[in-house]
Structure formats: C-alpha cells, structure tokens
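K.L.:
Just passing along the structure, written as structure tokens.
The values are calculated or read from the model by the stated rules, or taken from the named source; none is laboratory data. Since we're looking at a predicted model, the values are computed, not measured. Note: ideal-geometry Cβ built from the backbone for every residue, glycine included; neighbour counts use all protein chains shown.
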Amino acid sequence: MRLSAILFGLVLTCAVIVVAIPPPQDEGDVRGAFLTSRPKEKPATSGGNTARPPRKRPKSTATPAPSTDKSPDKSPEKKPPAGTKGPKPATPDSKPVNARRMGLGMTLFSRDANGLAVRVDPDHVFRKGDRVRVLLETNTDGYLYIFNRTDDGPATMIYPDAELDEGGNYLQAHVPFEIPAADAEQERLRWFAFDDVGGTEHVFFVFTREPLKDVPIDDALVAFCRDNKCPWRPSDEIWAQVQKQSQEPLQSDRSQTFGKAQTRPEHDASTRGISLAKDDPQPSVIMMASSSSPLLVAILDLIHK
C-alpha cells in the first residue's frame with residue numbers, strides 16, 4: 001500500500017481514517033485562541049477573482065534607504081557598560097517576541113451520494129470506493145509540508161509538489177487549503193479514493209513559521225525534480241527533527257458538527273484565496289502548540305483493516 005507522491009492524482013489505499021489527536025487540554029481556550037485572529041468580516045474581493053492563492057514564498061519588498069554620505073563610518077564602536085552583556089545577534093532560529101501560538105485546523109469531508117462534500121467524523125469507517133478530502137486552516141502565516149510514511153517504510157514528501165503551485169507551500173492565516181483541490185480539472189483528481197489494499201499510512205502535517213532548512217521548495221524543488229527522481233525524501237537528520245517535534249504536546253479541541261455539507265464560504269475561500277471570517281464554519285479539529293514554538297507537527301493515520 002502506498003500514498004502517491006503526486007498528491008492530487010493518486011488513489012489512497014485506506015479504509016479507516018483516524019486523526020492522532022492528543023487528549024483535550026483547556027478546550028475552550030484552544031478554539032477561542034485559534035479563532036480570535038480570524039477577521040470580523042469577510043475581506044472585500046473582486047467579484048471576478050477566481051484564481052487560486054499563490055503558494056510561493058513572498059519576496060521581501062523592503063529596501064534600505066540609500067545613503068548620501070560617501071565617507072567611511074569613523075564613529076567609535078559602542079560597547080556595553082562594564083559588567084553587562086550586549087544584545088545577542090539575531091539568528092534564523094530565534095523565536096519571534098510575543099509570537100502567537102501556532103494552530104492548525106482540520107476538517108475531513110467525504111463525498112456523499114449526490115457528489116457533495118459533507119463533514120465526516122475522522123473515526124468513521126470507510127469502504128472501498130469512498131472518497132475524502134481534507135480542509136486545512138492555520139492561524140498565522142507559514143509553510144506547510146506533508147510527509148507520508150507507509151507502515152515502517154521511508155518517509156517521502158508529498159507536499160510541496162513540483163507539479164503543484166510551482167513547488168510553493170506558503171499559507172496565509174485563515175485562508176483554507178484543500179487536499180486534494182475541489183477545483184481540479186478532473187473529478188478523479190478532486191478526491192482521495194479508497195481501494196481494498198491493506199496497510200497503514202501515516203501522514204505528517206508540518207507547519208512552520210519559516211521554511212525548513214535543507215528542504216527544497218519553490219524553484220529549488222522544481223529544479224530538483226527536473227534533475228532527480230521525485231518524490232524528495234528527507235534526510236535522517238530532518239526526519240528525526242520532524243518525529244521529535246511530533247512528540248511535543250498539542251492542545252486540541254474537536255467539534256461534533258458532522259453530516260453538514262461544505263458551505264459556499266468554505267469552498268470560495270479555499271479556491272479563491274479568501275480568508276474565513278469569525279462567523280464562517282469552524283474546523284472540526286483544532287490543534288495548537290502549547291508555546292510559541294516555530295514548528296507544529298500533527299499526524300493523520302489512515303488505516304485499512
């Protein structure tokens with residue numbers, strides 16, 4: 001059994017989906033803390049905007065003001081007073097001051113007899129031919145990586161994908177992301193389909209404030225897959241980091257609003273890059289880091305018995 005590396009074009013060989021969620025901790029605070037950063041009202045958008053949101057990392061537009069002084073700086077170096085320490089230099093791994101706790105919202109949808117996407121309990125038992133997709137929402141801007149591991153086999157990166165979004169994986173806060181995409185050109189690419197092959201798939205959703213070091217994205221991933229055989233596989237060091245972070249405690253909250261069809265705001269938001277507002281439907285499962293960690297790892301286990 002395997003999960004295809006080309007995320008939107010494969011059949012899942014699973015029959016039961018179980019989300020590996022930690023025991024609930026202070027549930028009211030989890031959901032409230034996640035939703036507090038949603039905008040009060042839906043942002044204004046152009047009625048003709050039907051393009052999917054860009055996923056490539058944003059480029060910095062800030063440029064230093066040009067100096068008119070051509071003379072070298074001869075001012076003496078400032079030293080901290082005796083007995084005190086100077087400020088520590090900034091490092092890529094420095095945590096932002098007063099950073100919002102990272103949160104990931106997840107809603108599982110199943111295709112009903114009429115072809116509609118309806119909310120389904122992650123513990124629901126699926127059968128051959130059933131189809132599902134996942135809607136993800138984050139509470140801050142960041143980067144999403146999805147790794148798949150079948151049973152105890154090697155891990156592979158199934159998102160970002162060189163054939164999707166130009167290899168980009170940048171998410172904006174509260175702008176939902178669908179896996180697979182409901183707006184795919186072909187029906188077979190809009191859902192994960194279940195077959196009758198047994199096994200266990202472990203899907204790791206890795207959400208980070210900054211791009212993971214030594215993991216190719218954007219043009220670097222496109223170039224890698226052009227010159228090498230994809231999917232890209234993480235090194236032992238990178239995978240050890242992901243697994244270690246997956247053991248960190250997460251605060252979680254699960255709703256019971258199952259059986260309801262996906263709403264138009266949810267669909268439009270994921271296909272047109274519109275952020276969800278406070279009054280829009282909430283994720284079925286919300287997981288939040290217990291501190292201002294720069295990394296959050298949630299696991300979705302897909303089990304076929």
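K.L.:
Select from the range 169-190 the residues that are surrounded by fewer than 22 Cβ atoms within 10 Å (Cβ to Cβ) and in a loop (DSSP other than H, G, I, E, B) and list them in ascending order.
P.N.:
Residues satisfying the conditions are GLN172, ALA173, VAL175, PRO180, ALA181, ALA182, ASP183, ALA184, GLU185, GLN186, ARG190.
K.L.:
Looking at ASP280 and the list (1) surrounded by 16 or more Cβ atoms within 10 Å (Cβ to Cβ); (2) of a type in the set (Asp, Glu); (3) within 18 Å of ILE179 (Cβ to Cβ), which single condition is not satisfied?
P.N.:
The one condition ASP280 does not meet is (3).
K.L.:
In the range 191-219, which residue that is surrounded by fewer than 19 Cβ atoms within 10 Å (Cβ to Cβ) and β-branched (Val, Ile, Thr) is nearest to the chain's Cα centre (by Cα)?
P.N.:
Among them, the one singled out is THR200.
K.L.:
Only one residue in ALA155, ALA173 is in contact with a Pro (Cβ under 6 Å, 6 or more places away or on another chain) and either modelled with pLDDT of 90 or more or polar (S, T, N, Q) (or both). Which one?
P.N.:
Working: ALA173 fails: in contact with a Pro (Cβ under 6 Å, 6 or more places away or on another chain).
One residue alone meets the criteria, ALA155.
K.L.:
Could you look through the range 147-166, keep only residues that are of a type outside the set (D, E, K, R) and surrounded by fewer than 22 Cβ atoms within 10 Å (Cβ to Cβ), and pick out the one that is nearest to PRO281 (Cα to Cα)? Break it down stepwise before answering.
P.N.:
From the range 147-166, those of a type outside the set (D, E, K, R) are 147-148, 150, 153-160, 162, 164; that's our starting set.
Next cut, surrounded by fewer than 22 Cβ atoms within 10 Å (Cβ to Cβ) only: 150, 153-156, 164.
Working: THR150: 33, GLY153: 37, PRO154: 37, ALA155: 33, THR156: 32, LEU164: 27 Å.
Checking each candidate, the answer is LEU164.
K.L.:
Quick test of your reading of the structure: LEU250 fulfils all but one of (1) at pLDDT 90 or above; (2) under 15 Å from the mean Cα position of the chain (by Cα); (3) surrounded by 18 or more Cβ atoms within 10 Å (Cβ to Cβ). Name the failing condition by number.
P.N.:
Status for LEU250: all satisfied but (2).
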